[in-house]
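Chemist: Below: one structure in structure tokens.
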Amino acid sequence: MLRLYDTARGEVCDLVTRDPGRLSMYVCGPTVYDLPHLGHGRYTLVWDVARRWFTFRGLDVRFVSNITDIDDNIINRALREGSSEAEVARRFEDEWWRAMSAIGVARPDAVPHATQWVTQMVELIESFLRDDVAYVTGDGVYFDTSRVSDYGLLAGQALDTLRAGARVEASEEKRSPLDFALWKFAKPGEPTWSAPFGDGRPGWHTECVVMSLGLLGDDFDLHCGGLDLKFPHHENERAQAEAAHRNFARHWGHNGWVMVGDEKMSKSLGNFTSLTDLLSHTDARAYRLLVVRSHYRSPIEVTPATIADAERALARLDALARRFALPQLAGDEFVTPGDYDFTGRGADLVERVVACMDEDLNTPLAVAELFDAVSVANSLSDEGNQVEARALALTVAVLFGAMGLSVVATVHDSDDEVRELVRDRDVARSTGQWSEADRLRDELASRGWIVEDSTEGTRVRRS
RNA sequence: GGCGGCGUGGCCGAGCGGUUAGGCAGGGGCCUGCAAAGCCCCGUACUCCGGUUCGAAUCCGGACGCCGCCUCCA
């Protein structure tokens, strides 16, 4: 039984899906007004791993994640750049998918765009006005949070205690500081959609309720996002669903922050590193490994030291892939167990990893099991037991693949000159000319190649 | 002020009542012409103070330190 921490209940619970054998999940996507940073990278990786794992475990997963393509930040950026909102949104959405593809995060099954769902949002807001759950002010339509009795469930706080600490916003017509905008009336020059209660644009919290319910239906299984969305974003989504008398997510998942020193990485603090920057000098797989080596609900620190650590660990996996000529799995195709016949040690490993992963996606424990198996596979091979060794190594690759991490056996393409040096060195070694062989190795090293001798002759790989 | 989380060996990071977590780095050995890769051995850690227990990193109480949310944020 798959188990997962549910924020609403505050504990790890059985993941009982609406339809047996199927799982619907919605992950709150980005607002496209800037480059994706490491925090976006972490949440997309975490939920990509979850999606792949659920698939590996035999669930038919439907994965929906939105793009918020209209909001204040986009408007401000367009204004600053003298371009249009649509242009800004399109440009950064392109950047987004480029980054996602670079870190190996699979495309969602559906990608709703806020601007495509305005009609449904307007209908929802109208119903709120009709039911007196929302009210109109000078600048928009607001949701009356006092109308939802259990408002604060996700935050774990009662409404009145939330209000006590809320900072008061200036020039506010809201009845309560907790009330939130469902709709913002357009100022001159801003993008606008017509609505019976006044032309304008939708508020952020309204998009996700409408799109998640619209695409996955009432009572869908899993709603995920970064911990910062827990409150107020997800709370506000919940409140709307409740006010609309619709069953919302059965289960809530939230991932922890990326930290910079002792601070959370965030746009407002300005302490972020873009994914593009990271990937310019780091194997994207190292970032995925770094992410799965800690639990998804814990904070992680991404520093040159932790990245370097992950890169070296990854090199160990790639060495395994080279030694056993393992296939490169993961990528767009999801790994499922049906294609493999696990026996003996491999079957035991699968069983152990499944136990770790099924219990609230304990990837760090699973990774520990896998690294143990790496040593065992190498030992078996050292002892000459090639059949068992390779079977176990393959199982390791399959299970990492199930988390979306491919091990890579690729011997990088070398040019003619390099191949000649390698050939010369093999000749020198076979005739015992050690100093010549060493000189050729140094020569290769100076060109950025690491030399590895094997029974099949000299092998080189990029340093 | 309210709510929540965290403090583990040089670093990263699991565990959450009794058994070696794991990785990286470091030391020693094996293998190798020498290396690389690989294997073996080595650190005996849990912020502090009390308590419960045959036994606590793990439970309870307290202290200290740190972080987050309550406001846009993945």
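Chemist: Please determine, by comparing only the residues of segment A:3-33 that are aliphatic (A, V, I, L, M) and assigned to a strand (DSSP E or B), which one is nearest to residue A:216 (Cα to Cα).
Modeler: Start the filter on segment A:3-33 by keeping residues that are aliphatic (A, V, I, L, M), which leaves A:4, A:8, A:12, A:15-16, A:23, A:25, A:27, A:32.
Those left that are additionally assigned to a strand (DSSP E or B): A:4, A:12, A:23, A:25, A:27.
Numbers: A:4: 20, A:12: 23, A:23: 10, A:25: 8, A:27: 12 Å.
Going through the qualifying residues, I end up with A:25.
Chemist: Could you run through segment A:333-346 and say how many residues are assigned to a helix (DSSP H, G or I) and touching a residue at least 40 places away in the same chain (Cβ under 8 Å)? Write out each step before concluding.
Modeler: Going through segment A:333-346, the residues assigned to a helix (DSSP H, G or I) turn out to be A:337-339, A:344-346.
Those left that are additionally touching a residue at least 40 places away in the same chain (Cβ under 8 Å): A:337, A:344-346.
Within segment A:333-346, residues that are assigned to a helix (DSSP H, G or I) and touching a residue at least 40 places away in the same chain (Cβ under 8 Å) number 4.
Chemist: Still on this structure, I have one more. Scan segment A:44-60 residue by residue and report those that are open to solvent by 20 Å² or more (accessible area, probe 1.4 Å) and either among the aliphatic types (A, V, I, L, M) or near RNA strand B (Cβ under 8 Å from one of its atoms) (or both).
Modeler: Here is the first cut: in segment A:44-60, the residues open to solvent by 20 Å² or more (accessible area, probe 1.4 Å) are A:55, A:57-60.
Scanning segment A:44-60 gives a single hit, A:59.
Chemist: Take segment A:45-59 and flag every residue that is touching a Gly at 6+ places or on another chain (Cβ under 6 Å) and not hydrophobic (A, V, I, L, M, F, W, C). Full working, then the answer.
Modeler: Step one: filter segment A:45-59 for residues touching a Gly at 6+ places or on another chain (Cβ under 6 Å), giving A:48-49, A:52.
Scanning segment A:45-59 gives A:48, A:52.
Chemist: Moving on. Can you give me the number of residues within segment A:339-361 that are within 11 Å of RNA strand B (Cβ to nearest atom) and either over 21 Å from residue A:253 (Cα atoms) or not assigned by TED's automatic domain parsing to the domain that holds residue A:317 (or both)?
Modeler: Summing the residues that are within 11 Å of RNA strand B (Cβ to nearest atom) and either over 21 Å from residue A:253 (Cα atoms) or not assigned by TED's automatic domain parsing to the domain that holds residue A:317 (or both) in segment A:339-361 gives 1.
Chemist: Only residues in segment A:426-451 that are open to solvent by 60 Å² or more (accessible area, probe 1.4 Å) count as the first member; pair them with residues that are in a helix (DSSP H, G or I) and not hydroxyl-bearing (Ser, Thr, Tyr), Cβ under 7 angstrom, at least 6 apart or cross-chain, and list the lot.
Modeler: Sorted first by the residue in segment A:426-451, then by its partner, the pairs are A:429/A:437; A:436/A:428; A:441/A:425; A:447/A:418.
Chemist: State the number of residues belonging to segment A:362-407 that are within 11 Å of RNA strand B (Cβ to nearest atom), outside any loop (DSSP other than H, G, I, E, B) and not hydrophobic (A, V, I, L, M, F, W, C). Walk me through it before giving the result.
Modeler: So in segment A:362-407, the residues within 11 Å of RNA strand B (Cβ to nearest atom) come out as A:362-383, A:389, A:393.
Subsequent filtering for residues that are outside any loop (DSSP other than H, G, I, E, B) retains A:363-382, A:389, A:393.
From what's left, not hydrophobic (A, V, I, L, M, F, W, C): A:363-364, A:369, A:372, A:375, A:378-379, A:381-382.
Final tally of qualifying residues: 9.
The values are calculated or read from the model by the stated rules, or taken from the named source; none is laboratory data. Keep in mind the model is a prediction, meaning the values are calculated, not measured. Quick reminder, even Gly has a Cβ in these numbers, built from the backbone with ideal geometry, and neighbours come from all protein chains shown. Ligands, DNA and RNA are excluded from the accessible area calculation, which covers all protein heavy atoms including side chains. Shrake-Rupley method; radii C 1.70, N 1.55, O 1.52, S 1.80 Å.
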